[in-house]
Protein chains: 2
Amino acid sequence: MKIALAQMRVIAGQPWKNFEKIKQFTDEARQKGCQIIAFPEMCVGGYLLADRWTEDAWCNHLVSFNDRIRELSEDIIIIYGNLLVDRSRKNKDGRMRKYNAGFAFYNRKPLPRAGALPEGVTIKSLLPSYRIFDDERYFYSLTEYACDTNTQVEDLLQPFQTTIGNEVIRFGVEICEDLWFNDYRYRGEPLNISKRLIENGAQFIFNISSSPWTHGKDRARNNRIQESFRDTGRFVPFYYVNCTGVQNNGKNIVVFDGDSTIYNEKAQVVRTCNKLFTEELLIHDTDAALNPIKKEPLDAIKAKYLAVIEGIRGMDEIMGNDRFPYIVGVSGGIDSALTACLLYQAVGNKRIVACNLPAKYNSQITREIAANLTGKLGLNMHCIPIEEMVNVNNRLLESFNPGELNRENIQAKIRGTSILSNIAGILNGVMTCNGNKVEIALGYTTLYGDVNGAIAPLGDLLKTEVFEMASFLNREIFSEEVIPWALIPDESFQFKVAPSAELRENQVDPMKWGYHDALIRMFTDYQKTGAETIIRWYMDGELCKRLSIPETLLKRYGLDDPRVFIDDLEWVTGSIQRAVYKRIQSPPIIILSKSSYGYDIRESQLPVYYTDSYNELKKQLLERS
Amino acid sequence: MKIALAQMRVIAGQPWKNFEKIKQFTDEARQKGCQIIAFPEMCVGGYLLADRWTEDAWCNHLVSFNDRIRELSEDIIIIYGNLLVDRSRKNKDGRMRKYNAGFAFYNRKPLPRAGALPEGVTIKSLLPSYRIFDDERYFYSLTEYACDTNTQVEDLLQPFQTTIGNEVIRFGVEICEDLWFNDYRYRGEPLNISKRLIENGAQFIFNISSSPWTHGKDRARNNRIQESFRDTGRFVPFYYVNCTGVQNNGKNIVVFDGDSTIYNEKAQVVRTCNKLFTEELLIHDTDAALNPIKKEPLDAIKAKYLAVIEGIRGMDEIMGNDRFPYIVGVSGGIDSALTACLLYQAVGNKRIVACNLPAKYNSQITREIAANLTGKLGLNMHCIPIEEMVNVNNRLLESFNPGELNRENIQAKIRGTSILSNIAGILNGVMTCNGNKVEIALGYTTLYGDVNGAIAPLGDLLKTEVFEMASFLNREIFSEEVIPWALIPDESFQFKVAPSAELRENQVDPMKWGYHDALIRMFTDYQKTGAETIIRWYMDGELCKRLSIPETLLKRYGLDDPRVFIDDLEWVTGSIQRAVYKRIQSPPIIILSKSSYGYDIRESQLPVYYTDSYNELKKQLLERS
């Protein structure tokens, strides 16, 4: 038997385009002698549609494609994900009942199976409601269906059954999160969907996914499937098919890597797609030997580089064309240099409008860096001095008596709003926000200034990752110094040209690079580490080890003095909280970590607050010293 | 027996402050001879904390207050809502297991009760995951607990039992959404929590809530309790206690009205708090007769006025002081006039810095309106002409050849960013965004211009509601013409001074006032009406009736021509979709409807798309005419 996994580029909000692709892949698979083709979860309308899911007309439209896809199933079994509605019942939100469902058609008929569910469909059992996922907001799960209909989940998780030639086949279909079962419980046990499908007779299983890329997810997935194998005691060939493409949820841009993978009966990887982030029809002959293969894990920075390029390219779908220009302010600092290089790699130099916007505090050296960089990349470069406009702005506000910080913001706002955002408007282009995750976390940014943009390519990269990615580009992509090495510090974070906003005389960024990056990684990680734990590590002398930073760094920043350490810690935690109001008005960030600002980390405006346990530890530390 | 309902102003993120209030109210209730005091849901840390709920240190800190509150329960039963954690189990998100819980202590001990749950606690059964609510993201429900522990929900929903004097009392505690049971299912039936508590012996029930205000929710709640009464067959005295105060979820500001209410055994309202939006200790003697009272429903605009004032005042908690100024641009149009009046009512004229920022297109009439208005309110007024800065900005961009729309945006951005946002920065103040819901929906706004601000008081009011609220203020609050009647249209939406952005010669807003408001109400309503339905109503001749607009309006706007009607409809639907990118970067909106932009309506950037059924109806309509 030949099975096709359609690693399809799903376009959110474009069911007709997706349907045409489904048709095309199905025809191709049939021609190539496949008996089964499997498509990803929610491949008709896309997955990250936010409250579009609450619009009945849209939902009914999506459902209408189920008939159309059924009609394509002559001589080939089609498995795919789409919406299932039950108009006779209500969702918990009082709207029409909706399921994130899997469908299986063959010869224009739904595939039969045992159990209480209608023929030809299955329902997603485990609904992720963390990070960017809101499945519980929109869909009703199989477990809730079981509870509502007084049935047992075990009886509902039945394989589809049919005959191909003379052979009876029984296969299970599960949907994305259904394989990430370990934290879900049913009668005190992990709710292992694969196990139940196997126990109910599945000879093989399809997992159809819309699973966003994160670095290392392939290994995590392999582990889950191994756990499932061990939990089940035996296993069956397992076909994981995931989409590619870029979807968004307003505040984040989310890339899908595909990475469709075939596992054997020992839950070992035996085959994967040819290329990540790339549409592909993977055809597998089940008579072929299922020998395990070993995949070299991608280096984190290389993986993030591939993802950010993909995320930038995703703007073409959002904008509805692939001709608009990117407007990028190039200051001579590393963030804007890296952004320009990434744009160059993603869309080429013809679509980039680089602007250097000097005022009196911009040094000769950064201006030269900007000129050299744009020269090397062959970018369209505009130099627009803003001094006159800054002076007029200052004069208009003179009676309010602006302080130094206000005068800095005035410059940043003229750059971001008066110049760059207007150029983007004139050219119908996209302005980039060049901020990194450390600046965004600490609010070391000017709202309506450098916060501006329609996309933040570096918004989920720590500054240390910005340095790493810049080195990676010089070394492995350009094979020459495009981003000046002078902008990249040595291992102890000493700079030739230190990061600066250049908004006043001799300004350098107040961040303790390396250390603050590590703190922010801890504070924003999926499993968050609190300031309490940071003090405890400090007191136990294991902070550097825990943060993976050189021991010398603490001393260099004076943090070996507990008073300095505490003041700095409270500056960081306080700044993070105070910057929420800026993030509320920030542009979409491409997700590159397991926890990005935007719609991934959701934030209320709350007071800066320290727990009793924090205050107690702080007291102990300061008294002891 | 005397029962105290503590309609407490809960401060999000401030457990110690809330605990002090709990202590104070408990002492007062004890002194006044109460045997029971009930506090709202999540009254220790607040409810709308977004991903603060994913921080273990914070959660552990909240839990530590349970011991402290238990210690307050000498001679008085304390019922309240807070977090319950189970460190031995995992949530579905892989983090620590968390419950939105109710607690009951008496004489420093947890109250006993039957069933499998620990003494002294109950768990929220129904977890809202719609609108701004994300309970499923953070908490594990009682139904999930039942599924996990292989118990039955009926057996878990047991009343607490104790003896006061010689009297045995048994009362149930339910949490907020638990009374909104009709859309939740368990074995095919609505999951009526009150019914199960009553069947298990509850003589009375407390519902402890953190239930945001929406207009008409009191009637909706009364209806639900009536339904519960009918479904149960009998009922018991029912004590609803809700918090006051203002909380936020980043993109929205949410007001809580309290409205604590006592219902009798026939589910009739017998007593309510004295004042909405106001902290109060409501003491009720159970020996008193429980005769139904009739409450006059509040007029919608008056209710929204009270709510918006409360929302503005809530900024004091966000800012951490009550002295900062509000910076408001006063253009002479109705939106900024209304905003200024609302600020005046909320915080008084001393805290308002009004700015009129004329350029060459601002008419004498609007400049006079602005001057008169600020004069009448006694506001600190600055007139800052922006023409020079506009000229410099235009000159800097001349080589890019800006078009008319770009030149309009340049002016708006200088106002919003270069002047107003800088003044706010200098004065450590809060700039208001004066946009209304129609502008925000259609994106008839300039990003980094009039979109700017830290709060959007009118952001959830249609323009028609802006007119109504302006009239209401003139008539009932000021008892004189503060907002010029000339800015308010007659019933057929004819203006003396028509709404205009005044960014070019003779500009008037392109909106079809009255009609577009009604469309946007339909498109954004909780139960959304699609463009398909609008065409159907139009074809059936019932559009005006359905939209509650005068029949004459369609003709006046030329919409009786189907071609004009369709073009306009697609302009509206297309504009709403294209404006998502602006809303991503918009400031927090005070929620005043059942469906506000922000975190209530969540949006992806998606292409403008029409369903097949829309296209079919459009074809029919255009062919027929």
In the stretch B:515-526, is there at least one residue being farther than 30 Å from A:LEU606 by Cβ, touching a helix residue (DSSP H, G or I) at 6+ places or on another chain (Cβ under 8 Å), within 14 Å of chain A (Cβ to nearest Cβ) and in a helix (DSSP H, G or I)? yes
Going through (1) over 26 Å from B:ASN252 (Cα atoms); (2) more than 9 Å from every other protein chain (Cβ to nearest Cβ); (3) in contact with a Ser or Thr (Cβ under 7 Å, 6 or more places away or on another chain) one by one, B:ARG87 fails only at (3)
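Tell me, which helices (runs of 4 or more DSSP H) wholly within the stretch A:538-625 include 2 or more residues that are among the polar types (S, T, N, Q), closer than 25 Å to A:LEU461 by Cβ and within 14 Å of another protein chain (Cβ to nearest Cβ)?
On the way: elements: A:543-547, A:551-556, A:562-578, A:580-584, A:612-624.
The qualifying helices (runs of 4 or more DSSP H) are A:562-578.
If you check A:ALA359, A:ALA307, which single one turns out to be of a type in the set (A, V, I, L, M, F, W, C) and not in a loop (DSSP other than H, G, I, E, B)?
Working: A:ALA359 fails: not in a loop (DSSP other than H, G, I, E, B).
That would be A:ALA307, the only listed residue that is of a type in the set (A, V, I, L, M, F, W, C) and not in a loop (DSSP other than H, G, I, E, B).
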Qualifying positions in the stretch B:552-582 - of a type in the set (Gly, Ala, Ser), touching a helix residue (DSSP H, G or I) at 6+ places or on another chain (Cβ under 8 Å) and surrounded by 14 or more Cβ atoms within 10 Å (Cβ to Cβ): B:SER575, B:ALA579
For the stretch A:149-178, how many residues are at the interface with chain B (Cβ under 10 Å from one of its Cβ atoms) and in contact (Cβ under 8 Å) with a residue 40 or more places away in the chain? 2
The one condition in (1) touching a helix residue (DSSP H, G or I) at 6+ places or on another chain (Cβ under 9 Å); (2) more than 14 Å from every other protein chain (Cβ to nearest Cβ); (3) assigned to a loop (DSSP other than H, G, I, E, B) that A:PHE181 fails to fulfil: (2)
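Out of the residues in the stretch A:283-304 that are under 24 Å from the mean Cα position of the chain (by Cα) and not in a helix (DSSP H, G or I), which is farthest from A:LEU461 (Cα to Cα)? Steps first, please.
Quick first cut of the stretch A:283-304, residues under 24 Å from the mean Cα position of the chain (by Cα) only: A:295-304.
Filter again for not in a helix (DSSP H, G or I), leaving A:295-299.
Numbers: A:LYS295: 25, A:GLU296: 23, A:PRO297: 20, A:LEU298: 17, A:ASP299: 15 Å.
Within the stretch A:283-304, the match that is farthest from A:LEU461 (Cα to Cα) is A:LYS295.
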Going residue by residue through the stretch A:440-451, is there one that turns out to be at negative phi, touching a Pro at 6+ places or on another chain (Cβ under 9 Å), crowded, with 23+ Cβ neighbours inside 10 Å and within 14 Å of chain B (Cβ to nearest Cβ)? yes
Search result, residues across the stretch B:362-371 that are crowded, with 16+ Cβ neighbours inside 10 Å and either not in a helix (DSSP H, G or I) or not β-branched (Val, Ile, Thr) (or both): B:ASN362, B:ARG367, B:ALA370, B:ALA371
Being of a type in the set (Ser, Thr, Tyr), assigned by TED's automatic domain parsing to the domain that holds B:GLU55 and outside any loop (DSSP other than H, G, I, E, B) narrows B:TYR145, B:TYR140 down to just B:TYR145
Tell me, yes or no, whether the stretch B:66-77 has at least one residue that is within 14 Å of chain A (Cβ to nearest Cβ), among the β-branched types (Val, Ile, Thr) and assigned to a loop (DSSP other than H, G, I, E, B). no
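When only residues in the stretch A:370-413 that are under 17 Å from A:ASP450 (Cβ atoms) and touching a residue at least 40 places away in the same chain (Cβ under 8 Å) count, which is farthest from the chain's Cα centre (by Cα)? Spell out the reasoning first.
At the first step, the residues of the stretch A:370-413 found to be under 17 Å from A:ASP450 (Cβ atoms) are A:370, A:384, A:386, A:389-390, A:393, A:405-413.
Right, trim to touching a residue at least 40 places away in the same chain (Cβ under 8 Å) and you get A:370, A:407-409, A:411-412.
Working: A:ALA370: 30, A:ARG407: 36, A:GLU408: 33, A:ASN409: 31, A:GLN411: 32, A:ALA412: 29 Å.
Among those residues, the one meeting the criterion is A:ARG407.
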Is the stretch B:402-410 home to any residue that is assigned to a loop (DSSP other than H, G, I, E, B) and in the same structural domain as B:CYS355 (by TED's automatic domain parsing)? yes
What are the residue pairs meeting all of these: first residue in the stretch B:553-581, first residue charged (D, E, K, R), second residue not in a loop (DSSP other than H, G, I, E, B), Cβ atoms under 7 Å, and 6 or more apart or on different chains? B:ASP560/B:LEU554; B:ARG563/B:LEU622
Neighbours by Cβ (under 8 Å, 6+ apart or cross-chain): first from the stretch A:42-65, at the interface with another protein chain (Cβ under 7 Å from one of its Cβ atoms) and buried (at least 23 other Cβ atoms within 10 Å of the Cβ); second hydroxyl-bearing (Ser, Thr, Tyr) and part of a helix (DSSP H, G or I): A:THR54/A:TYR138; A:HIS61/B:SER613
Across the stretch B:1-12, which residue is nearest to the other protein chains (Cβ to nearest Cβ) among those that are surrounded by fewer than 23 Cβ atoms within 10 Å (Cβ to Cβ) and not aliphatic (A, V, I, L, M)? B:ARG9
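Residue by residue, here is whether (1) at pLDDT below 95; (2) within 26 Å of B:ILE426 (Cα to Cα) holds:
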| residue | (1), (2) |
| --- | --- |
| B:LEU306 | no, no |
| B:ASP322 | no, yes |
| B:PRO325 | no, yes |
| B:VAL328 | no, yes |
| B:GLY348 | no, yes |
| B:ALA354 | no, yes |
| B:LYS360 | yes, no |
| B:LEU373 | no, yes |
| B:HIS382 | no, yes |
Please go through the stretch A:191-208 and give me each residue that is of a type in the set (Gly, Ala, Ser) and either out of contact with any Pro (no Cβ under 8 Å at 6 or more places or on another chain) or free of Cβ contacts under 8 Å to residues at least 12 places away in the same chain (or both), ordered by number. A:SER194
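Can you tell me which residue among B:ILE477, B:ILE483, B:ILE440 is out of contact with any Lys or Arg (no Cβ under 7 Å at 6 or more places or on another chain) and outside any loop (DSSP other than H, G, I, E, B)? Don't jump to the end; show me each part of the working.
Values: B:ILE483 fails: outside any loop (DSSP other than H, G, I, E, B); B:ILE440 fails: out of contact with any Lys or Arg (no Cβ under 7 Å at 6 or more places or on another chain).
Testing whether each residue is out of contact with any Lys or Arg (no Cβ under 7 Å at 6 or more places or on another chain) and outside any loop (DSSP other than H, G, I, E, B) leaves just B:ILE477.
The values are calculated or read from the model by the stated rules, or taken from the named source; none is laboratory data. Everything numeric in this text was worked out from a predicted model, so none of it was measured. No Cβ is skipped: glycine too gets one built from the backbone with ideal geometry, and neighbour counts run over all protein chains shown.
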